[in-house]
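Since the structure comes first, as structure tokens, the remarks are kept for the end.
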Amino acid sequence: MGGLWSRVAVRWVLEADFEGMESIERHAFEQPWSGAELRGVLRTREAAGVVVEVNRRLAGYMFYELHPSRVEVLTIAVEYRSRRLGCGTALLGWLKARMTTERQRMETVVRERNLSAQLFLRSQGFRAERVLRGYFADTDEEAYQMVYRQMSRMCNA
């Protein structure tokens, strides 16, 4: 699976997606969110979620919150066999395309040990701006605040 034979598409989260998202979550993270926690995120007023499909099969998801001057990526995960097919890039690209002149900053927090996420985010234009000590309740591991700043769109005069 890959290359010309793969069709990657992003769409809004549906109730039917949660079982697959919970499975991806368990395999992607050392401290996974439960199904109830995943559902709970979308019950907040500012939060939204999208999934990515490869050939109409759930391959990953992203939850984010819209704030007045920024977008916060709460979580992003891609199943192992769908990595390096452009799924994470498609999710972030979908969100970048919806940034506005008021919201030109996107941020997320990454565990210090999650080097693959740090490298992926860097490849997407994110930069580590702060070290967050004591951020996680379950460990003394540090976290990095990763930030993407969208360049102002120039108008042709």
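Quick rundown of the values:
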item: nm² value of the averaged projected area, convex hull over the Cα atoms of segment 18-109; result: 6.1 nm²
item: Long-range HN-HN contacts of residue 75 with modeled amide H, under 5 Å; result: 63
item: Over the chain: Kirkwood hydrodynamic radius from C-alpha pairwise inverse distances, Å; result: 16.4 Å
item: Potential lengthening between residue 96 and residue 12 on full extension [0.36 nm per residue; Cα-Cα distance subtracted]; result: 28.7 nm
item: Heavy-atom accessible area per residue - segment 33-80, 1.4 Å, Å²; result: 47 Å²
item: Rounded percent of accessible protein surface that carbon and sulfur make up, segment 1-63, 1.4 Å probe; result: 53 percent
item: Gap separating the Cα centres of segment 30-54 and segment 92-157, nearest whole Å; result: 18 Å
item: Debye intensity ratio I(q)/I(0), log10, segment 1-66, q values 0.21, 0.28, 0.30 Å⁻¹ (C-alpha model); result: -0.88, -1.27, -1.36
item: Residue 133/residue 81 FRET efficiency (R0 35 Å; Cβ-Cβ; nearest 0.05); result: 0.50
item: Chain lengthening between residue 151 and residue 72 when straightened (0.36 nm per residue, less Cα-Cα); result: 26.7 nm
item: Residue order for 43, 130 - accessible surface, 1.4 angstrom probe, largest first; result: 43, 130
item: Amide H within-cut-off set for residue 60, under 5 Å, with H built and near neighbours excluded; result: 52, 79
item: Total charge dipole magnitude, the chain, about the Cα centre, Cβ charges on Lys, Arg, Asp, Glu only, Debye to nearest 20; result: 800 debye
item: Relative contact order (%) - the chain, alpha-carbon pairs under 8 angstrom, separation at least six; result: 18 percent
item: Length-normalised contact order of segment 29-121 in % [C-alpha pairs under 8 Å, at least 6 apart]; result: 22 percent
item: Positive-pole candidate from 73, 94, 16, dipole of segment 1-102, charges at beta carbon; result: 94
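The values are calculated or read from the model by the stated rules, or taken from the named source; none is laboratory data. Values in this document were obtained by computation on a predicted structure and should not be read as measured data. Here the Cβ is made from the backbone with ideal geometry for all residues, glycine too, and neighbour counts use every protein chain on show. Please note that ligands, DNA and RNA were not included when accessible areas were found on the heavy atoms of the full protein model with its side chains. Shrake-Rupley method; radii C 1.70, N 1.55, O 1.52, S 1.80 Å.
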